[in-house]
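What follows is one structure encoded as structure tokens, with my remarks underneath.
Read-outs: derived from the displayed coordinates by stated rules, not from any lab. All values reported here derive from a predicted model rather than from experimental measurement. Every residue, glycine as well, gets a Cβ built from its backbone with ideal geometry; the counts of neighbours run over all protein chains shown.
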Amino acid sequence: MALISADALHKSLAAGKRGGVFFLFGEEEHLKEEVATSLVAAHLDPSTRDFNFDQLRGTDTTPETLASVIATPPMMAEWRVVVVRDAQGLATSARTRAVIESALERNTPGLALILVATLPDKAKAAIYEKLKKQATAIAFPLLNHADVPGWLMTRARADGFELQPKAAQAMASAMGAELGVLLQELKKLYEFTRERKQINFDDVTQVVGSVPRQNRWEWFDMLGERRFGEARVALPVLLDAGETGVGLIIGIGSHLIRL
């Protein structure tokens with residue numbers, strides 16, 4: 001099975017597809033935990049949660065414990081859910097790798113096995129490749145700074161709000177690419193604009209607070225529209241706000257590719 005997106009997984013769950021091995025990997029911890037939580041909620045019957053929900057650490061569990069937990073059938077429910085965080089720790093032992101490989105091959109009825117991992121740099125262990133190909137696998141790389149405004153607008157739309165582009169750019173300029181912080185500020189904005197469902201630049205300045213006078217995306221637009229005089233005047237403002245020459249040059253390249 002090829003890697004899928006988080007959106008594709010949510011659609012699959014909405015269509016009623018359940019069970020199997022789920023491999024959530026990457027450095028973006030907040031989104032990994034969000035998806036892991038949604039998988040647990042989709043499978044677990046709250047009334048039998050105590051009987052059918054196990055959480056383990058891949059760096060601490062033994063092959064025997066892992067095998068026993070996976071082999072235990074659901075009790076008074078359709079599904080049993082096992083979440084293994086720090087699942088990269090399972091790759092260090094041949095015996096734990098064998099347990100995971102067996103789970104992939106058997107597709108145990110009634111089991112939802114959720115492996116949450118942060119892989120080592122340039123990791124090429126065979127077990128990781130098997131998981132990417134045979135499990136329902138989703139990658140969660142760190143969000144690039146250039147992609148933050150678009151991600152914010154998409155997230156707001158999914159939550160029933162319309163975040164205007166300049167408002168999204170202002171948030172990205174003020175807070176960077178830390179998704180946990182951005183989501184907290186989005187929730188404040190939802191509360192502030194809950195009646196009109198529209199979030200504009202003024203809303204961001206009132207709720208978020210200090211917003212840079214100039215942001216990189218507006219400056220890139222100046223270049224794209226050949227407003228070079230304005231761009232030259234605005235450049236010191238960007239640099240005073242903490243931007244660097246190297247960062248802006250890289251950003252220009254990314255922006256032109258998108259155009």
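Rounded to the nearest 0.05, what FRET efficiency do V246 and A177 have when you use their Cβ-Cβ distance and R0 = 22 Å?
Working: r = 17 Å, r/R0 = 0.77.
Efficiency for this residue pair is about 0.85.
Exceeding 31 Å between C-alpha atoms, which entries from my cross-link table qualify? They are K132/K187; K130/K187; K133/K188; K11/K132. Could you put the intermediate results ahead of the total?
Values: K132/K187 33 Å; K130/K187 38 Å; K133/K188 39 Å; K11/K132 19 Å.
Table pairs above 31 Å Cα-Cα are K132/K187; K130/K187; K133/K188.
Is there a quick way to get the dipole size of the stretch 59-184? I mean about its Cα centre, with the Cβ of Lys and Arg at +1 and of Asp and Glu at -1; what is the value in debye to the nearest 20? Intermediate values should be presented prior to the final figure.
On the way: 13 positive and 12 negative charges, 57 e Å.
With Lys and Arg at +1 and Asp and Glu at -1, about 280 debye.
L56: net charge of surrounding residues, Cβ under 11 Å, Lys/Arg +1, Asp/Glu -1, itself excluded?
Values: positive: R57, R85; negative: D54, D60, D86.
Net charge in that neighbourhood comes out at -1.
Taking the highest mean first, how do the peptides 164-172, 84-92 order by number of other beta carbon atoms within 10 angstrom per residue? Walk me through the numbers before you get to the answer.
Working: 164-172: 21.8, 84-92: 20.2.
Final packing ranking: 164-172, 84-92.
Evaluate the distance, in nm, between pseudo-label points positioned 7 Å from the Cα of M75 and of N107 along their respective Cα→Cβ axes.
Using points 7 Å along Cα→Cβ, the separation is 2.8 nm.
Local charge sum around A42 (other residues, Cβ-Cβ under 13 Å, Lys/Arg +1, Asp/Glu -1)?
Numbers: positive: K11, K17, R18; negative: E34, D45, E78.
Combined, the nearby Lys, Arg, Asp and Glu give 0.
Of the listed peptides 18-27, 58-67, what is their order by residue-averaged count of other C-beta atoms within 10 Å, with the highest listed first?
Numbers: 18-27: 19.7, 58-67: 16.0.
Order by mean packing, descending: 18-27, 58-67.
Among H145, H30, H43, which one shows the biggest mean-square fluctuation in a GNM of the chain, springs joining Cα atoms closer than 10 Å?
H145
In nm, to one decimal, how far is the T48 label point from the F192 one, both placed 7 Å along Cα→Cβ?
That separation, rounded to one decimal, is 4.6 nm.
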